[in-house]
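To keep things clear, I will list the structure first and then write my remarks on it.
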Amino acid sequence: MNSNQTRNIKISLKNFVYILVFCFSPFSMFSQSQTKNTTQQEGVSLIRINSETQTEQVLSNHVETKEPPKRVDQKKGTWSFQWGYNRDSYTQSDINFHGPGYKFTLKDVVAKDKPERFNPSVYLNPSLWEIPQYNFRLTYYFTDRFFLAFGQDHMKYVMSRGQAANIYGYIDPFSIQRAHLGTSSESAVYLYLFPDAYKKLEGYHNGETINVTPDFLKFEHTDGLNFLYMDVGTIQPILISSNGENALSFVASVGAGPIICRSDVRLFGEGKNNHFHASGYGVSGYVASRVDVYRFAFFELGAKGGYVDLPNILTNGHSKDRASQNFGFLELVVFGGVNL
C-alpha cells in the first residue's frame, strides 16, 4: 500500500468520526427538543382554538334556544290575584226562630244589600278594607284553559224594616217581657211610643200578617255574609292580539264553601252584633268577561248566582237561641287583577 492510499484512508476515518460527533452532540439534542416543544405548542394552540370554538357554539346555541315571553293565553302553572266589589240581590226567605219560650217562622221575608257609598277615604284606606262589599280571588291555572280558585265574597244582608210578613208558631209572653229587661236603645224608643204594640206578638200564630217593627226584630248579616269558596272553572279566549299581550276571554266556574256570618240581631228588643260564626254553606256558579292588558293586568265583569243555607245563626246572644233560613242570591262583581 502506497502513501497516497494510506492518507485517503485516514481522511475517511476522520470524516466518519466528525459525523458521529455531530449526530450525538448537545446541539443536536437541543435542536430536537426545540422541534418537539414547537410541536407541543402547536398542539396546545389547536386544543385552545377548538375549546374556544366549542364555547362560542354553546353560547350561540343558548342564545338561540332562549324561550320567548309567554302569551297571555299560555297560563299553565301560573297564578293570578284579583280584588273587586259587588252588588247583591236576594230571594225572599222564611226565617225560623227558636229558643226558650218561643218557636216561630216569618214567611217570605224581604232583604237587600247595603253597599258603602263611594268615598276615597274608605275605599283607598287599607285599614277600612272590610267596610265595602268586597271580593277577592286567588287562582291557579293547572292547564292553559282550566283553573282552581279560592276566594271570598263579602256580601251584606239586611232585612227590610217595617215590612209586612206572615207569622206561624208560638211566643210565650214571658219571653218578650224578659227580653225587654235588656232592650236596646232603638227598641226602647219604639216601646215608649207604642207601649202595647208588642202584645200582638204573644201567643199562637197561624199565618196572620204583622209588621216587622224595631221592638220585634232587627235581622242583619252586615259584618258579613261571608262566602268562602273553592271554584273549578275554565277561561276561553275569544280575541287575542297578534303579539299575544292582550285578550278578551270568557270565564266560567262553579264552586261551594262555608258561610261565615256576623249577624246583628235584636229579637224582642234584646240582642247584639254577634261574633263571627260558621252559620251554613253556599253553592254558586259564576260567569264573566275578562280583558287582559299587556299580559300583566286584567279587568273582569262578572255575575254569580247561588244558593245559601244557614241552619245555625246566632241571634240575641243566648246560647240556646238560634235562627235558620235559606235563600238564593244574585251578585254582580267588578274585578281588577294581576297575573303573577
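The values are calculated or read from the model by the stated rules, or taken from the named source; none is laboratory data. Keep in mind the model is a prediction, meaning the values are calculated, not measured. Backbone-built Cβ (ideal geometry, glycine too); neighbour counts: all protein chains shown.
Structure notes:
- Residue match in the range 258-277 (condition: buried (at least 20 other Cβ atoms within 10 Å of the Cβ), more than 20 Å from the chain's Cα centre (by Cα) and within 26 Å of Leu138 (Cα to Cα)): yes
- Flag if Thr213 is of a type in the set (Val, Ile, Thr), at pLDDT below 95, assigned to a strand (DSSP E or B) and within 26 Å of Ala323 (Cα to Cα): no
- Only one entry in Gly269, Gly233, Gly285 is of a type outside the set (Asp, Glu) and closer than 30 Å to Ser184 by Cα, namely Gly269.
- Inside the range 173-210, residues that are of a type outside the set (D, E, K, R), modelled with pLDDT under 85 and farther than 24 Å from Gly317 by Cβ make up a count of 3.
- Residues located in the range 282-301, provided they are in a loop (DSSP other than H, G, I, E, B) and surrounded by 15 or more Cβ atoms within 10 Å (Cβ to Cβ): Arg295
- Filter result for the condition that a residue is among the β-branched types (Val, Ile, Thr) and within 28 Å of Ser324 (Cβ to Cβ), over Ile240, Ile176, Ile235: Ile176
- Here Asn243, Asn316 are screened, and the one residue that is in contact with a helix residue (DSSP H, G or I) (Cβ under 8 Å, 6 or more places away or on another chain) and not in a strand (DSSP E or B) is Asn316.
- In the range 204-247, the residue that is surrounded by the fewest Cβ atoms within 10 Å (Cβ to Cβ) out of those that are under 30 Å from Phe174 (Cα atoms) and in contact (Cβ under 8 Å) with a residue 60 or more places away in the chain is Gly207.
- In the range 303-313, the residues that are free of Cβ contacts under 8 Å to residues at least 60 places away in the same chain and either closer than 15 Å to Met155 by Cα or not in a strand (DSSP E or B) (or both): Ala303, Gly305, Tyr307, Asp309, Leu310
- Inter-residue pairs, beta-carbon under 6 Å, first in contact (Cβ under 8 Å) with a residue 12 or more places away in the chain and within 14 Å of Leu330 (Cα to Cα) and in the range 100-115, second part of a strand (DSSP E or B) and among the acidic types (Asp, Glu), 6+ apart: Asp113/Asp88
- For the range 96-152, filtering for residues that are among the basic types (Lys, Arg), under 29 Å from the mean Cα position of the chain (by Cα) and surrounded by fewer than 16 Cβ atoms within 10 Å (Cβ to Cβ) leaves 4.
- Considering (1) surrounded by 15 or more Cβ atoms within 10 Å (Cβ to Cβ); (2) within 18 Å of the chain's Cα centre (by Cα); (3) in contact (Cβ under 8 Å) with a residue 40 or more places away in the chain; (4) part of a strand (DSSP E or B), the lone condition that Ala323 does not fulfil carries the number (2).
- Residues of the range 279-325 that are among the β-branched types (Val, Ile, Thr) and within 30 Å of Phe104 (Cβ to Cβ): Val283, Val308, Ile313, Thr315.
- Selected residue (criterion: farthest from Phe298 (Cα to Cα)) from residues of the range 123-147 that are modelled with pLDDT under 95 and hydroxyl-bearing (Ser, Thr, Tyr): Ser127
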